[in-house]
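Visitor: The structure that follows is given in the form of structure tokens.
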Amino acid sequence: MMPGHNRKMTGAECLADMLAGYGVTHVFMVPAVLRRTFAEMERRTRIARVHCHGEKSAAYMADGYARASGKPGVCMAQVIGALNLAAGLRDGWLAHSPVIAMTGGRDPRTKFRKVYQEIDDVPAFEPVTKMNVTVDDVARFPDMVRQAFRTATTGTPGPVHLQFRGNEGQVDAEEAEMEPLVEAQFARVPPFRPEPDAASVKAALELLQKAQRPIVVAGGGVRASGARAELVALAEALQIPVATSLNGKDSIPGTHPLSVGVVGTYSRESANRAVNRADLVCFIGSETGGMTTHFWAVPAIGTPAIQIDIDPEALGRNYPLQASVLGDAKVALSRMLAQADKASAKKREAWMKEISGLRNDWYAKYKANLESDAVPIHPARMCHELSLNMPDDAIVVVDTGHAGMWMGGMYDLRNVSQDYMRSAGHLGWAFPAGIGAKAACPDRPVVVFTGDAGFWYHIGEIETAVRWNIASVTLVNNNSGGNQSKRGFDRAYGGEQTAQARELWTYRPVNFARVAEEIGALGIRVEKPGDLAPALARALASKRPAIIDVVTDIEALAPTAVT
Ligand SMILES: Cc1ncc(C[n+]2csc(CCOP(=O)(O)OP(=O)(O)O)c2C)c(N)n1
Ligand SMILES: [Mg+2]
């Protein structure tokens, strides 16, 4: 409490003022929750109250908003929708995205009496949040909201949950003496840039400079820290190639001669080969998890490693370390750059030749797919067209499954201003996340890549995008099925699946462009590869939500990881 500054106000007034104070421009929700707060938002703020067609997509929109802007994304649900919202936090949890979820909860006067729609939702938020609390007294609005922003943005960012008393959070109607104080520092990631210990920086730098064949594996921490320019500069100064995790794909442009691509399971062959030939691997802002390391085979455990991370618990979790640097990635890389001995790069000339060979081999091997004129369209050609035609300041949002494999492996960012965000595993994440990203960054082109199975999940959100004129562009790699499942079902049938087994993973052919048009979005159907680039240009120029339905080859399978 702040004596002298408090004044009598409702929780709704306080919450509306605080969200506006933190710079929140949109909240994503399914009504009815915090209704009085919405009324106060209208009276007191310019916050857009985006109501969606499901709580999970509301959470994904908030997540996309957060990852695109670094500002916490806010989503809300009443008590009956709370677990739908919790399900939607799972991707943000896995990707370390600062999402703030607010739900209606229980009232102590009636709980355990079989209240309509009510269960105890709080435990379900436990595995997907950094902070999971109830707000039972209106006087706690200010400190709990501040703590939510603080927890979501600090350290390794992540989702938080505030459950407000009352199935619709009716505690917001009550009054108390409050001060809607905002700590602007916690309005975006990163609020702090912890300075690493100088000796640890020196130790890591010396190991890198001594190595003949070092490589960096850059993770999502590089994008959270905004450390791309420093990473590229250090890599150039010391001539160290860079592989990235899927989450860190935008750490370095794919077109950069030191970039070998995404390493791990959904990966590019050149990255796995380079990491496996390295004599020292430097993980930066990476969990060193199963996806990034192809289940700890790339690199093999035992490969000399160093690690830079803001989270002390991440350091050494999966790879024994020769040096570890605890701190902010941007600061750590700047310190290394300032002390870098550029002359040490000379000993890596042979390594550089090898890296350039691996890069060229990959392009040569996949050239036919990347430039394929086949009809139905080869998905690799979609990726290649996007590499060539994506606007310089675009935010690219990619679904999982084959979408993650195609784009992770085959798409190239061209500069450090392009962003790349990906589903951390949930099919259907990308389309609503793209709407959230566009809401957060209305002046930047947002281009979503999803499969048709992924698109079906939240197809109703076309209506939300149209209603709010949130003009993301969504390309649907439409093969009328979830063809990533093909290999798995072949294996399950002990070789080749039966024709009937296709009923497990195929759909009716549907023209999503027509569906989009019916709902009021721009719909473009693309059947020939040469029409992809003009369709993208037309969709971006339209300034309307657009769905580009690309008819692709159901037999095309993305390359699997090499070890
Ligand atoms: C929530 C969730 N359920 C199931 C899966 C498993 N899964 C991964 S890819 C996939 C099918 C993808 O189909 P589509 O989006 O059409 O892409 P395609 O493989 O056809 O390119 C499924 C069911 C998942 N990743 N997430
Ligand atoms: Mg499909």
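The values are calculated or read from the model by the stated rules, or taken from the named source; none is laboratory data. Note that the structure is predicted; figures quoted are calculated from it, not measured. Reconstructed Cβ throughout: ideal geometry from the backbone, glycine too, with neighbour counts over all protein chains shown. Just so you know, the surface numbers come from the protein's heavy atoms only, side chains and all, with ligands and any DNA or RNA stripped out. Shrake-Rupley method; radii C 1.70, N 1.55, O 1.52, S 1.80 Å.
Visitor: Considering only residues of the stretch 458-489 that are in a helix (DSSP H, G or I) and within 14 Å of ligand 1 (Cβ to nearest atom), which is most open to solvent (accessible area, probe 1.4 Å)?
Guide: Pass one, the stretch 458-489, residues in a helix (DSSP H, G or I): 461-467, 485-489.
The next check asks that each one be within 14 Å of ligand 1 (Cβ to nearest atom); those that pass are 485-489.
Numbers: 485: 47, 486: 36, 487: 77, 488: 32, 489: 59 Å².
Residue satisfying both the conditions and the ranking: 487.
Visitor: Go through the residues of the stretch 191-201 one by one and say whether even a single one is surrounded by fewer than 17 Cβ atoms within 10 Å (Cβ to Cβ), under 30 Å from residue 115 (Cβ atoms), in contact (Cβ under 8 Å) with a residue 60 or more places away in the chain and of a type in the set (Asp, Glu).
Guide: no
Visitor: If I ask for residues that are of a type in the set (Asp, Glu) and within 30 Å of residue 46 (Cα to Cα), which ones from the stretch 462-512 would you list? Show your work before the answer.
Guide: The initial filter retains those residues of the stretch 462-512 that are of a type in the set (Asp, Glu), namely 463, 490, 496, 503.
Correct list: 463 only.
Visitor: Another question, then. Only one of these is open to solvent by less than 10 Å² (accessible area, probe 1.4 Å) and outside any helix (DSSP H, G or I): 81, 158. Name it. Write out each step before concluding.
Guide: Details: 81 fails: outside any helix (DSSP H, G or I).
Going through 81, 158 in turn, the sole match is 158.
Visitor: Please work out if residue 527 is at pLDDT 95 or above, away from ligand 1 (no atom under 12 Å from the Cβ), exposed (fewer than 13 other Cβ atoms within 10 Å of the Cβ) and under 30 Å from residue 48 (Cβ atoms).
Guide: No: the conditions fail for residue 527.
Visitor: Specify which of the listed residues (348, 359) is touching a Ser or Thr at 6+ places or on another chain (Cβ under 6 Å) and more than 29 Å from residue 478 (Cβ to Cβ).
Guide: Going through 348, 359 in turn, the sole match is 359.
Visitor: Of all strands (runs of 3 or more DSSP E) completely enclosed by the stretch 273-366, which ones contain at least 3 residues that are open to solvent by less than 10 Å² (accessible area, probe 1.4 Å)? First the steps, then the outcome.
Guide: Values: elements: 280-284, 305-309, 323-326.
Here the list reads 280-284, 305-309.
Visitor: Now for a different question. Among the residues that make up the stretch 394-416, is at least one of them touching a residue at least 12 places away in the same chain (Cβ under 8 Å), open to solvent by less than 30 Å² (accessible area, probe 1.4 Å), out of contact with any helix residue (DSSP H, G or I) (no Cβ under 8 Å at 6 or more places or on another chain) and under 20 Å from residue 472 (Cα atoms)?
Guide: Yes, there is a match, as at least one residue in the stretch 394-416 is touching a residue at least 12 places away in the same chain (Cβ under 8 Å), open to solvent by less than 30 Å² (accessible area, probe 1.4 Å), out of contact with any helix residue (DSSP H, G or I) (no Cβ under 8 Å at 6 or more places or on another chain) and under 20 Å from residue 472 (Cα atoms).
Visitor: Here's a check for you: in the stretch 497-521, which residue that is over 30 Å from residue 50 (Cα atoms) and within 14 Å of ligand 2 (Cβ to nearest atom) is least open to solvent (accessible area, probe 1.4 Å)? Steps first, please.
Guide: Keep residues of the stretch 497-521 that are over 30 Å from residue 50 (Cα atoms), which gives 497-509.
Filter once more, so that each one left must be within 14 Å of ligand 2 (Cβ to nearest atom): 502, 504-509.
Details: 502: 69, 504: 99, 505: 10, 506: 47, 507: 105, 508: 183, 509: 105 Å².
Within the stretch 497-521, the match that is least open to solvent (accessible area, probe 1.4 Å) is 505.
Visitor: Here's a follow-up. Say we look at the stretch 462-496 and pick out the residues that are without any contact (Cβ under 8 Å) to a residue 40 or more places away in the chain and within 16 Å of ligand 2 (Cβ to nearest atom); which of these is nearest to residue 528 (Cα to Cα)?
Guide: Looking at residues that are without any contact (Cβ under 8 Å) to a residue 40 or more places away in the chain and within 16 Å of ligand 2 (Cβ to nearest atom), I get 485.
Visitor: Would you point out which residue out of 423, 417 is within 15 Å of ligand 2 (Cβ to nearest atom), closer than 23 Å to residue 228 by Cα, among the hydroxyl-bearing types (Ser, Thr, Tyr) and within 19 Å of the chain's Cα centre (by Cα)?
Guide: On inspection, the qualifying residue turns out to be 423.
Visitor: Give me the strands (runs of 3 or more DSSP E) completely within the stretch 1-55, filtered to those with at least 1 residues that are within 22 Å of the chain's Cα centre (by Cα) and surrounded by fewer than 18 Cβ atoms within 10 Å (Cβ to Cβ), ordered by residue number. First the steps, then the outcome.
Guide: Values: elements: 7-10, 26-30, 48-51.
Fully inside the stretch 1-55 and qualifying: 48-51.
Visitor: Which members of the stretch 371-389 meet the condition of being open to solvent by 10 Å² or more (accessible area, probe 1.4 Å) and under 29 Å from the mean Cα position of the chain (by Cα)?
Guide: Within the stretch 371-389, 371, 378, 381, 384, 385, 387, 388, 389 qualify.
Visitor: Tell me, which residue of the stretch 420-457 that is within 16 Å of ligand 1 (Cβ to nearest atom), open to solvent by 10 Å² or more (accessible area, probe 1.4 Å) and part of a loop (DSSP other than H, G, I, E, B) is nearest to residue 94 (Cα to Cα)?
Guide: Selected residue: 424.
Visitor: Right, something else. So how many residues does the stretch 535-561 have that are open to solvent by 30 Å² or more (accessible area, probe 1.4 Å) and within 16 Å of ligand 2 (Cβ to nearest atom)?
Guide: Number satisfying all stated conditions: 5.
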